[in-house]
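Structure, as structure tokens:
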Amino acid sequence: MIAKPDWMLDELSSAGRENLDADHVGRYDSKMDADATNEVALMHSLGLDAASTLVEFGAGTGQFTLAAAATGAKVVAVDVSPVMLDALRRKVAGGSFDNVHIVEAGFLTYDAPPGTADFVYSRLALHHLADFWKVTALQRVHELLAPGGVFRLWDVVYDFEPADTAERLEAWCATGAQVPAGTAVHESWGRWEIAEHVRDEHSTYRWLLDTMIERVGFRIEHVEQPDSVTARYVLRRIR
Ligand SMILES: C[S@@+](CC[C@H](N)C(=O)[O-])C[C@H]1O[C@@H](n2cnc3c(N)ncnc32)[C@H](O)[C@@H]1O
């Protein structure tokens, strides 16, 4: 990690309560399918191969990391949560990968020479940073990528009008299992977990995020918005 000025956010403080909770991390893979096979196929179609260097921010338990490593690419899995990284280390130790590098750091602190990544991948992690810090994170990803490099960004992003916010968020929370707050939910998410995301994390409006992305020098090549709370971007460093 690089030396941190005293005004810099401590990323662990916004890493998400659940991501530092060993019980949650232990059930993460049963709750969440990262669609890694399709995501790696997409990255492959964008040029990912055994000669590539890919950095993943917020790698978590490593569903995408390990699928990407199977291509032979050098994969750097970055995450602020030591609990998540322990889970990933156990998987790597149980496999035969020598091309996975695990780094305990975050968007704001991962230290690598500029222009040394061909691809950056991040799924469901950027929303842990408030909008001001998202811009810094995007700027750092931009610098890390070689010119023309690709950033695949998938996150919870709100695609609705401000006037519709309460209605849309209530509809999203209603998709969660109706169990008392704090109850462990396997294979899906409780309403209380979705409400916690909205309340305590930093998902933002798509029109704000698009502006941040373009402002730091990315071109938005493609966006999928499968529902009103998800955006999957393909971004390219153009300057
Ligand atoms: C919801 S999990 C997603 C894990 C994985 N990407 C997936 O799609 O299954 C969010 C991950 O982001 C990590 N995270 C939170 N804040 C971060 C930051 N500032 N920099 C990097 N990773 C962060 C958490 O520790 C956690 O592992």
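For the reader, a short list of remarks on this structure follows.
- Of the numbered criteria (1) surrounded by 13 or more Cβ atoms within 10 Å (Cβ to Cβ); (2) among the hydrophobic types (A, V, I, L, M, F, W, C); (3) farther than 22 Å from His127 by Cβ; (4) in contact with a Gly (Cβ under 9 Å, 6 or more places away or on another chain), the one Val25 fails is (3).
- Condition check for Ala77: within 28 Å of Met212 (Cα to Cα), at pLDDT 95 or above and either over 18 Å from the mean Cα position of the chain (by Cα) or part of a helix (DSSP H, G or I) (or both): no
- In the set (1) within 12 Å of the ligand (Cβ to nearest atom); (2) at pLDDT below 95; (3) open to solvent by 70 Å² or more (accessible area, probe 1.4 Å), the condition left unmet by Glu18 is number (3).
- Tally, over region 141-181, of residues that are closer than 30 Å to Pro114 by Cβ, in a helix (DSSP H, G or I) and touching a residue at least 40 places away in the same chain (Cβ under 8 Å): 3
- Test: residue in region 139-158 that is at pLDDT 95 or above, open to solvent by 60 Å² or more (accessible area, probe 1.4 Å) and in contact with a helix residue (DSSP H, G or I) (Cβ under 7 Å, 6 or more places away or on another chain): no
- Scanning region 1-41 for residues that are assigned to a helix (DSSP H, G or I), free of Cβ contacts under 8 Å to residues at least 24 places away in the same chain and within 22 Å of Val75 (Cα to Cα) yields Asn38, Ala41.
- The single condition among (1) modelled with pLDDT of 95 or more; (2) over 25 Å from Glu56 (Cα atoms) that Gly182 does not satisfy is (1).
- Condition check for Thr183 on (1) open to solvent by less than 30 Å² (accessible area, probe 1.4 Å); (2) under 16 Å from Glu18 (Cβ atoms): one failure, at (1).
- Look at (1) loosely packed, with under 15 Cβ neighbours inside 10 Å; (2) more than 16 Å from the ligand (Cβ to nearest atom); (3) at pLDDT 95 or above and you find that Ala93 fails only one, number (3).
- Complete set of residues in region 96-134 that are more than 10 Å from the ligand (Cβ to nearest atom) and assigned to a loop (DSSP other than H, G, I, E, B): Ser96, Phe97, Asp98, Asn99, Asp111, Ala112, Pro113, Pro114, Gly115, Thr116, Ala130
- Qualifying residue in region 216-230 (condition: within 14 Å of the ligand (Cβ to nearest atom) and part of a helix (DSSP H, G or I)): no
- Cβ separations smaller than 6 Å between residues 6+ apart or across chains give the following pairs from region 51-75 residues that are within 8 Å of the ligand (Cβ to nearest atom) to residues that are among the hydroxyl-bearing types (Ser, Thr, Tyr) and open to solvent by 30 Å² or more (accessible area, probe 1.4 Å): Thr61/Tyr28.
- Looking only at residues in region 202-220 that are surrounded by fewer than 16 Cβ atoms within 10 Å (Cβ to Cβ) and touching a residue at least 40 places away in the same chain (Cβ under 8 Å), the one that is nearest to Trp172 (Cα to Cα) is Leu208.
The values are calculated or read from the model by the stated rules, or taken from the named source; none is laboratory data. Note that this is a predicted model, so its numbers are computed, not measured. Glycine gets a Cβ as well: all are built from the backbone with ideal geometry, and neighbour counts include every protein chain shown. We work out accessible area using only protein heavy atoms, side chains counted, and drop any ligands, DNA or RNA first. Shrake-Rupley method; radii C 1.70, N 1.55, O 1.52, S 1.80 Å.
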